[in-house]
Amino acid sequence: MKRLIEGVAFNSGGKHKVSIGGVAVRSYVAWRHMIGRCYCPKTQKKQPTYIGCSVTDEWLDYQVFAEWFCEQEHSDIGYDLDKDLLVVGNKVYSPETCSFIPRELNSILTDCKAARTNLPQGVSFDKRCGKYQSRVNLNVGRKSLGYFDCPSDAYKAYKDAKEAYVKERALHWKDRIDPRVFDAIMDWRLSYSASMPE
């Protein structure tokens, strides 16, 4: 009986090692993190966006996941394993839905997923002038996009700037990412309805 990890996952044994010289290999690190995000209560408490996520049955075996991992062009250079860029809203890690994406691009897209207040993402209220300020995070720092009378106008400025920035960075990485990833990012749009308050 193989030892179960988080009660569901295991290593059936085979050609794919979990470590070399006492250091965990990239495929094993990616697999353990994936399993943890989906099945570890402590991880989900810290990162509640992973609640409800799961791993396809075949990938519960490290050997099967590692085989797929090693076949991917950008798996061994520190890119992030992503489950919902190719299939928007996807909650299942699987060979059909996953891809590898540079951490910079993944961070930009992750930053767009959740508003932190009751205002839209990228918008804050400036009490001093009684207006809504719009700001976007860029690789050189946070850029102000101006002040607006209503949060909808401020959010539109943020949305336009964020989408343009995402595409600019995708073009920067174009020759170093999977063509499917590039196409998905170039088609990506920030959801207005998901980011506006009720």
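When all protein chains stay in place and ligands, DNA and RNA are ignored, the 1.4 Å accessible-area order of HIS74, HIS172, largest first, is HIS172, HIS74. Once backbone amide H atoms are built at 1.01 Å from N, LEU145 has SER134, ARG135, VAL136 as its partners under 5 Å, excluding neighbours fewer than 5 places away on the same chain. Note that the chain presents 58 Å² accessible area per residue, ligands and nucleic acids not counted, probe 1.4 Å. Show which aspartates and glutamates lie in cross-link reach of LYS45 when reach means a straight Cα distance below 12 angstrom and same-chain residues fewer than eight apart are skipped. The qualifying aspartates and glutamates are none; the list is empty.
Across all directions, the average flat footprint of the convex hull enclosing the Cα atoms of segment 79-193 is 7.6 nm². In order along segment 15-28, the Karplus-derived 3J(HN,Hα) couplings, from 6.51 cos²θ - 1.76 cosθ + 1.60 at θ = phi - 60°, round to 6, 8, 7, 8, 7, 9, x, x, 10, 4, 7, 4, 5, 6 Hz, and Gly and Pro are given as x. Accessible surface comparison of ARG180, ARG128, probe 1.4 Å, protein chains only, largest first: the order is ARG128, ARG180. Our note on the geometry: Cα centres of segment 153-190 and segment 1-63, 30 Å apart. Straight-line cross-link reach from LYS167 at under 20 Å between alpha-carbon atoms covers these lysines, not counting any fewer than eight positions away in the same chain: LYS83, LYS113, LYS143, LYS156, LYS159. Couplings for segment 29-37, taken from phi via the Karplus curve 6.51 cos²θ - 1.76 cosθ + 1.60 with θ = phi - 60°, read 4, 4, 5, 5, 5, 4, 4, x, 4 Hz in order; Gly and Pro are left as x.
What label, among (1) 139; (2) 149; (3) 177, belongs to volume of the Cα convex hull per residue in Å³ computed from the structure on display? So the structure-derived entry is (2).
The fraction of accessible area contributed by carbon and sulfur in segment 1-96 is 54 percent, rounded to a whole number (1.4 Å probe; ligands and nucleic acids excluded).
The values are calculated or read from the model by the stated rules, or taken from the named source; none is laboratory data. Because the structure is a prediction, the values reported are computed rather than measured. Each accessible area value is taken on the protein alone, full model and side chains, heavy atoms only, with ligands, DNA and RNA left out. Shrake-Rupley method; radii C 1.70, N 1.55, O 1.52, S 1.80 Å.
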